[in-house]
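To keep things clear, I will list the structure first and then write my remarks on it.
The values are calculated or read from the model by the stated rules, or taken from the named source; none is laboratory data. Keep in mind it's a predicted model, so treat the numbers as computed, not measured. Cβ placement follows ideal geometry from the backbone for every residue including glycine, while neighbour counts extend to all protein chains displayed.
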């Protein structure tokens, strides 16, 4: 049976259709979920895609976090359902306290759109099983509120527990390396303690076809990873 | 103040009215009185004044714009031509593409962020109103001198506004231009283009037909934004000596616009819309009069039903308001409930404000009292027409006689090398990544090519790979030297850029940015440029499908360079066959296509090295452009070339530098027989491109060029990590990259 | 009708690049003697009915869970007449 992966649309979500395409290319069935509904439509996993839900007004992700759909997702995530938050979806996850920390305005104060070099720090999450720890990948980054921050104790905890999932890789800026937004300890993505909830600022769904965007397909493994986990359960 | 009703206007014919303050001429005011057979009410006067302004009525330009229709080439591709919100082109496989370019120059000077942001919002709604899903945007921008303090105010605001609005809509920004020239110091040009895609059967038009159908206003509430903005902002010159005025500027809400897009597309999907018009310049005045004018009957509007953000607005102000993110739809009565349901789903406010009638008048009431009763055509389509005097200015001959060919040229290889570095690092030729990296080019997941590629290329069908390419170009320096040729050079460059990526050029949209039409010299530039563009479009077989005219671009008495910006749209059957610009395969051969002549008038070299503008622009040969495009498209389709880059400002050395930096590889070049190194590197002769040819394809490629009569000269090979011109100099890529990429951040960051 | 104002500020230890950008601009504009600038948000709430302890408690809860993100922000609630 084909796995069903839900993709949530909030008002102002932008990358929902792109994420559905990525899910399809990975071999799963994408299921559109609407923020006002509570029913998850029997999906096996959920992606919160990028965009500017509610225009990023108040704070990025702050209003979406209170939607009926998020109530269900928070409950299910605590029960172990895989959840991936990309960009604005990551912001929603931190606002919902499914992931620790918060995102602030980039230190450069500009929107940054670039092909970003990342280091995968762990393959031990629901969404990174098809990577190997230490592997470098390139996927697009595009945000203005992408500076990850948390208090030092939380950061220490994340590192000690292996929950820093992605870091901005060090190297020449012209080749896509470097910390683009001032995120603390170069953190690009993290997970919860159980490893089923992952959030990151860069966009794996924009790196799934060789002709499109940067032409790289490093993002596809996010979606194939979660499928393997679902099949093996 | 008491309400000025139609009844009152009939009873008080002698009441003085502020027609002059509203920008009307006396004869125009008298004409309104003749049309109505009485004095207009305050609300009617407001409507006429705003709809008869230069911005809305094209009164100075329309006698010249007629040529785009009269000289339109025969084509089966055009589904909707000039006159609608945007033209629509058939791209095959049942798809139609609509695109249009518009200006938001004056608002962007006053308030750069909001001016640029609402410019994006406006053009996106134009595309949406045709029935299409917007799929990409582009922004050709022109600013004053790069180092001028005011450029540091205007440019970052404009760029942040375009990004802030466009990124939030989820529209990839795939191209455009950034040009610096002191002539734009007090009057930047902020042009915005949007492309939309739909199926043929989804095309919608702005007309109100079917007596009894409802008129529904939906989107944002109406506030005091830009009241009178159309006449005041778009038609008057900035006067540095006058009292400081800060007119009401429209403020955009991209989140509201995103909801409006998704909501409207769902309304289209369920076939709930009979006619539709976006609210842009002149707001409700424009939308109601245009819908009624294009329809079969009249229209009755209850203005007091319009949801307001500011309850103190008068009916005149509501009619004039340019509040953003609003649309007006004509809906059959039995579809209204479902229409409102979908709006509610998207949190979009929708209000039934009136109906289509079987009469012939546009009637507007305010709490039951009639305040407007006009023939809608007289407001929307029968505004004044001016035949403004035009004359070739005296200084044109002097300017053209000041030949750039006579400027001192580099005398040594070292000097040549220094001038190459200066050129590729000059603000106009430098990398614009600092700007374009503030725009999202990946969203929607269909971007095949984006800036700095020759044209933006997006996929529109995932199964077949069908795609469209768009490029915008303009060169005010060429157009200043010769407006007729300058307009054709802009067209030729955009056409060439589309072909360079492998797409077949189909249609044109233009944004004509000029000074004051009251100046006969400017009017001559306008007349020449439109004539040049119309002749050029006829020769190339690409019709003008729509566009925009922006006049009064000047500070005090000084007009900007005449700046026709031309957008060309092309189609590619399979995006897998696209040709990028990067040189990335060592050993591939570099060929120069076309003829190189000693042409330096208006060139980047003459500007960078000598701060000079004079002589004649490069010669135009549109037959040659067509041939070059055919070769580029065939070579792409048959896999004979792996990279292509058009030659334009900066000449060959600029193009090769860009292709090398993009691919991370150098090139060894040889100056061809019959050319000197300087002309080879810096000439800006039109109708040229460089291509990278795999050795295995060389014979096939040169045979094809030979057979079809296109000069193709082997000028070198891709190799190493430097650009080496044999016998002259070698420039390491690292040094070129530093020069090319450091300039803009150093000026603006 | 009473007005309650909620001020939301980034916590002192959190970097505020927008505030810093403002501060850096001040000397260029001729304003000297400003050693630090922090940028915040102000919410003006028009309250129906009396602003009693219960109403204020609700507003504090609203500020803590919604208007401010207490991971990065502090807030302050005050009643204006």
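Conditions: (1) buried (at least 21 other Cβ atoms within 10 Å of the Cβ); (2) on the phi > 0 side of the Ramachandran plot. Residue B:465 meets all but one. Number of the miss?
Answer for residue B:465: the failing condition is (1).
I'm trying to understand the selection: among the residues of region B:193-242, which are assigned to a helix (DSSP H, G or I) and modelled with pLDDT of 85 or more?
Of everything in region B:193-242, those that are assigned to a helix (DSSP H, G or I) and modelled with pLDDT of 85 or more turn out to be B:200, B:201, B:202.
Tally the residues that are assigned to a strand (DSSP E or B) and crowded, with 24+ Cβ neighbours inside 10 Å, restricting the search to region B:118-133.
Qualifying residue count, region B:118-133: 0.
Taking region A:147-162 on its own, how many of its residues are within 25 Å of residue C:73 (Cα to Cα), out of contact with any helix residue (DSSP H, G or I) (no Cβ under 8 Å at 6 or more places or on another chain) and more than 11 Å from every other protein chain (Cβ to nearest Cβ)?
4
Of all the residues that make up region B:432-462, how many are within 21 Å of residue B:189 (Cα to Cα), within 7 Å of chain A (Cβ to nearest Cβ) and crowded, with 24+ Cβ neighbours inside 10 Å?
Number satisfying all stated conditions: 1.
Within region A:176-186, can you find the residues that are at negative phi and part of a loop (DSSP other than H, G, I, E, B)?
A:177, A:179, A:180, A:181, A:183 - these are the residues of region A:176-186 that are at negative phi and part of a loop (DSSP other than H, G, I, E, B).
With (1) away from chain B (no Cβ under 14 Å); (2) in a loop (DSSP other than H, G, I, E, B); (3) touching a helix residue (DSSP H, G or I) at 6+ places or on another chain (Cβ under 9 Å) as the list, and residue A:137 as the residue in question, which single condition is left unmet?
(2)
Can you confirm whether residue A:62 is farther than 20 Å from residue A:5 by Cβ, under 14 Å from the mean Cα position of the chain (by Cα), surrounded by fewer than 24 Cβ atoms within 10 Å (Cβ to Cβ) and within 14 Å of chain C (Cβ to nearest Cβ)?
Taking the combined requirement at face value, the residue does not satisfy it.
Please enumerate the residues belonging to region A:41-56 that are more than 19 Å from residue B:444 (Cβ to Cβ), more than 8 Å from every other protein chain (Cβ to nearest Cβ) and not in a strand (DSSP E or B).
A:41, A:42, A:43, A:44 - these are the residues of region A:41-56 that are more than 19 Å from residue B:444 (Cβ to Cβ), more than 8 Å from every other protein chain (Cβ to nearest Cβ) and not in a strand (DSSP E or B).
Determine if region B:324-336 includes at least one residue that is touching a helix residue (DSSP H, G or I) at 6+ places or on another chain (Cβ under 8 Å), buried (at least 24 other Cβ atoms within 10 Å of the Cβ), in the same structural domain as residue B:296 (by TED's automatic domain parsing) and not in a strand (DSSP E or B).
yes
Checking residue B:115 against (1) buried (at least 23 other Cβ atoms within 10 Å of the Cβ); (2) part of a strand (DSSP E or B); (3) at pLDDT below 95, which test does it fail?
Of everything listed in (1) buried (at least 23 other Cβ atoms within 10 Å of the Cβ); (2) part of a strand (DSSP E or B); (3) at pLDDT below 95, residue B:115 misses just condition (2).
How many residues are in a strand (DSSP E or B) and either at pLDDT 95 or above or assigned by TED's automatic domain parsing to the domain that holds residue B:632 (or both) if we restrict to region B:549-579?
Taking region B:549-579 as the starting set, the residues that turn out to be in a strand (DSSP E or B) are B:549-550, B:554-555, B:558-559, B:563-572.
Then keep just the ones that are either at pLDDT 95 or above or assigned by TED's automatic domain parsing to the domain that holds residue B:632 (or both); that gives B:549-550, B:559, B:563-572.
Selection size over region B:549-579: 13.
Can you spot a residue in region B:350-357 that is out of contact with any strand residue (DSSP E or B) (no Cβ under 6 Å at 6 or more places or on another chain) and either at pLDDT 95 or above or over 27 Å from residue B:251 (Cα atoms) (or both)?
Taking region B:350-357 first, the residues out of contact with any strand residue (DSSP E or B) (no Cβ under 6 Å at 6 or more places or on another chain) are none.
So far as region B:350-357 goes, no, none of its residues is out of contact with any strand residue (DSSP E or B) (no Cβ under 6 Å at 6 or more places or on another chain) and either at pLDDT 95 or above or over 27 Å from residue B:251 (Cα atoms) (or both).
Over 20 Å from residue B:429 (Cα atoms), part of a loop (DSSP other than H, G, I, E, B) and in the same structural domain as residue B:737 (by TED's automatic domain parsing), is that true of residue B:665?
Here the answer is no, as residue B:665 does not meet what is asked.
Got a number for residues in region A:163-172 being surrounded by 20 or more Cβ atoms within 10 Å (Cβ to Cβ) and part of a strand (DSSP E or B)?
4
Any idea which residue in region B:1-26 is farthest from residue B:304 (Cα to Cα), counting only those that are touching a residue at least 60 places away in the same chain (Cβ under 8 Å) and in a helix (DSSP H, G or I)?
Looking at the filtered set, the residue picked out is B:7.
Pick from region A:12-35 the residues that are part of a loop (DSSP other than H, G, I, E, B) and facing chain B (nearest Cβ under 8 Å): which of them is nearest to residue A:230 (Cα to Cα)?
Going through the qualifying residues, I end up with A:15.
Quick one: which residue in B:452, B:427, B:505 is at pLDDT 95 or above, under 21 Å from the mean Cα position of the chain (by Cα) and part of a loop (DSSP other than H, G, I, E, B)?
B:452
Residue-by-condition table, conditions (1) surrounded by 24 or more Cβ atoms within 10 Å (Cβ to Cβ); (2) within 12 Å of chain B (Cβ to nearest Cβ); (3) outside any strand (DSSP E or B); (4) in contact with a helix residue (DSSP H, G or I) (Cβ under 8 Å, 6 or more places away or on another chain):
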| position | (1), (2), (3), (4) |
| --- | --- |
| A:174 | no, yes, yes, yes |
| A:188 | yes, no, no, no |
| A:193 | no, no, yes, no |
| A:211 | no, yes, yes, yes |
| A:218 | no, no, yes, yes |
| A:226 | yes, no, yes, no |
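Identify, from the list A:89, A:80, the residue that is at positive phi and away from chain C (no Cβ under 14 Å). Write out each step before concluding.
On the way: A:89 fails: at positive phi.
Step by step, each of A:89, A:80 is checked, and only A:80 is at positive phi and away from chain C (no Cβ under 14 Å).
Do the conditions hold for residue B:287, that is, is it more than 25 Å from the chain's Cα centre (by Cα) and crowded, with 21+ Cβ neighbours inside 10 Å?
Criteria not met by residue B:287.
Select from region A:195-209 the residues that are on the phi < 0 side of the Ramachandran plot and more than 12 Å from chain B (Cβ to nearest Cβ) and list them in ascending order.
Residues satisfying the conditions are A:196, A:197, A:198, A:199, A:200, A:201.
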